[in-house]
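Enquirer: This is the structure, below, for whatever I ask next.
The values are calculated or read from the model by the stated rules, or taken from the named source; none is laboratory data. Everything numeric in this text was worked out from a predicted model, so none of it was measured. Backbone-built Cβ (ideal geometry, glycine too); neighbour counts: all protein chains shown. Ligands, DNA and RNA are stripped out before the accessible areas are found, and what is left, the full protein with its side chains, is counted by its heavy atoms. Shrake-Rupley method; radii C 1.70, N 1.55, O 1.52, S 1.80 Å.
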Amino acid sequence: MELYYRNKKSKDEILKLAEEIAIDTNISIESNTIVQGENFNILSILLKCGFKGKIDLIYIDPPFSTNLDFVVSQNRISTISKPKSGIVAYSDKLCDEEYIEYMRERIILMRELLSEQGSFYFHIDTKIGHYIKIILDEIFGKKNFINDITRKKSNPKNFERKAYGNEKDVIYFYAKNKGNHIWNDVRVSYSNVELDEKYYKTDANGRRYNTVPIHAPGESQGDTGREWKGMLPPEGRHWRTSPKELSILDAKGLIEWSANGNPRLKRFADEHQGKKIQDIWLDFKDYAYPDYPTQKNLEMLELIVKQSSNEDSIVLDAFAGSGTTLLAAKKNNRAFIGMDKEKYAIKVMENKLGDLDLISKNTTFLNLSE
Ligand SMILES: C[S@@+](CC[C@H](N)C(=O)[O-])C[C@H]1O[C@@H](n2cnc3c(N)ncnc32)[C@H](O)[C@@H]1O
């Protein structure tokens, strides 16, 4: 399947353009660098100066084709189409196929930069996102699509429009090679309320626990289908572990017997590995008072960085804005490369990373826009 539109270049044409740009420059970029400039050019230079196949994680949150200017005035950071005052932090005026092709050219270069264990996250809204999904399937291959994450971006809206309130946007998650991608299986702890609900019993030592059946669906002809303490597993089921192991668990007091002789396995709250993270994210809303228009939630970026990169990884954001991704990378001891074409964004990034004393001596700011 492919998306057809006017003036769609071939992948070869795009890569050739990138090569030509890189040949014409003798600039060299290292990791832990923030670059001001047009990202197609910077990505082209990165491909030339040793980063091809070297980046483990790319997150991008580009303009969403809103036809708006994003403005910063003295008192507030806002989104208005015709600002009367304040400076335009960035402009988002590309639409339809022009927008799609602009993104596609850059995604093609970013995929070239990804390592064989690399992951790619594309943050977008639901108006244009479906077209982007088709482009991502084309570039990465449908088989490398992993998740379509729904992010709750705001509180419920009670606008007058004849429509349901729009509280969400989406993040498309792909791998260069699905299955080979870095996946640290980050888990989240239960809240106290959830702990009370799930682990509703307390043992003599004050430990919270619950119980689960000692058998599971499916019959077995092997060990787990054999008799234990005069009982066979119920029809169509097998013991979760061998009769020998069940006896060991019982001797350790890890099996609870009900009044009518039904054995169940005890599971303790303090041994729980945490909850598997699902594809609906409710806890990473936009900030009420951001440093930069459309700034994303730092905890969300920290989760993505921890999940899809390691301490020796390089994390890249080609539409860095206020530098949330770079800050998340730096806080978690990853190297980073960030870029934005706007001077205002670079200023916010410098302040943000500098304020937290995170700019190490070898962090460089490069200006390629002049
Ligand atoms: C939505 S903002 C990113 C916000 C960021 N995720 C944050 O948390 O602050 C998109 C950014 O992409 C930048 N941008 C747009 N087109 C670009 C291009 N071709 N090259 C470099 N930066 C670009 C804009 O200047 C803007 O700062």
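Enquirer: How much mean residue ellipticity at 222 nm does the chain get from its helices, if each DSSP H run of length 4 or more adds -39500 (n - 2.57) and you divide by all residues, to the nearest 500 deg cm²/dmol?
Expert: For the chain, the value works out to -8500 deg cm²/dmol.
Enquirer: Rounded to the nearest 20 Debye, what is the dipole magnitude of the chain about its Cα centre when Lys and Arg each give +1 and Asp and Glu each give -1 at the C-beta?
Expert: Here the chain has a charge dipole of around 800 debye.
Enquirer: Using Cα springs under 10 Å in a Gaussian network model of the chain, which residue among Val88, Val193, Val315 shows the largest mean-square fluctuation?
Expert: Highest fluctuation among the options: Val193.
Enquirer: In bins 20 Å wide, starting from 0, what share of all Cα pairs of the chain does each bin hold, as a percent?
Expert: 24, 46, 23, 8, 0
Enquirer: Which residue, His238, His215, Thr202, has the largest displacement toward the positive end of the dipole of the stretch 192-271 when charges sit on each Cβ (Lys, Arg +1; Asp, Glu -1)?
Expert: Projecting each Cα onto the dipole axis, the largest value belongs to Thr202.
Enquirer: If you don't mind, another one. For a quick check: with amide H placed at 1.01 Å from N, whose amide H comes under 5 Å from Tyr190's, ignoring anything fewer than 5 positions away on the same chain?
Expert: So Tyr190 has HN proximity to Lys275.
Enquirer: Let me ask you something else. For Asn177 and Glu227, compute 0.36 nm times the residue count separating them, minus their Cα-Cα distance, and round to one decimal in nm. List each step's numbers first, then the result.
Expert: Values: separation 50, 0.36 × 50 = 18.00 nm, distance 4.51 nm.
Gain on extension, Asn177 to Glu227, equals 13.5 nm.
Enquirer: Specify which residue in the list Ile45, Ala18, Leu3 is farthest towards the positive end of the charge dipole of the stretch 2-47, using unit charges on the beta carbon of Lys, Arg (+1) and Asp, Glu (-1), about the Cα centre.
Expert: Leu3
Enquirer: Report the chymotrypsin sites (Phe, Trp or Tyr not before Pro) located in the stretch 107-164 that are in a DSSP loop and have at most 13 other Cβ atoms inside 10 Å of their Cβ, or state none.
Expert: Here the sparse-neighbourhood loop sites are Phe159, Tyr164.
Enquirer: Right, here's the next one. Accessible area per residue, 1.4 Å probe, Å², for the stretch 192-271: what's the number?
Expert: So the stretch 192-271 comes to 66 Å² accessible per residue, rounded to a whole number.
Enquirer: Over the chain, with a Gaussian network built from C-alpha contacts below 10 Å, which listed residue (Arg240, Arg106, Arg208) shows the highest mean-square fluctuation?
Expert: Comparing Arg240, Arg106, Arg208 in a Gaussian network model of the chain, the most mobile one is Arg240.
Enquirer: Relative contact order for the chain using alpha-carbon pairs under 8 Å, separation at least 6, rounded to a whole percent? Could the numbers behind the result be given before it?
Expert: On the way: 672 pairs, mean separation 83.5, N = 370.
Dividing the mean separation by the residue count of the chain yields 23 percent.
Enquirer: Let me ask another. I'd like the carbon and sulfur percentage of the solvent accessible area for the stretch 192-271, probe radius 1.4 Å, heavy atoms only, ligands and nucleic acids excluded.
Expert: Of the solvent-accessible surface of the stretch 192-271, carbon and sulfur hold 47 percent.
Enquirer: Take the cross-link list Lys152/Lys330; Lys201/Lys252; Lys330/Lys352; Lys266/Lys306; Lys168/Lys343 and give me the ones stretching past 20 Å between alpha-carbons.
Expert: Lys152/Lys330; Lys266/Lys306; Lys168/Lys343
Enquirer: Would you mind telling me which residue in Leu114, Leu326, Leu15 has the biggest mean-square fluctuation in a Gaussian network model of the chain, where springs connect alpha carbons within a distance under 10 angstrom?
Expert: Maximum among the listed residues: Leu15.
Enquirer: Amide H neighbours of Thr211 under 5 Å, counting only residues 5+ apart in sequence or on other chains, H built in-plane at 1.01 Å?
Expert: Arg267
Enquirer: How large is ³J(HN,Hα), in whole Hz, for each residue of the stretch 286-293 in order, when computed from phi with the Karplus curve 6.51 cos²θ - 1.76 cosθ + 1.60 and θ = phi - 60°, using x for Gly and Pro?
Expert: Residue by residue, the stretch 286-293 yields 5, 6, 5, 10, x, 7, 8, x Hz.
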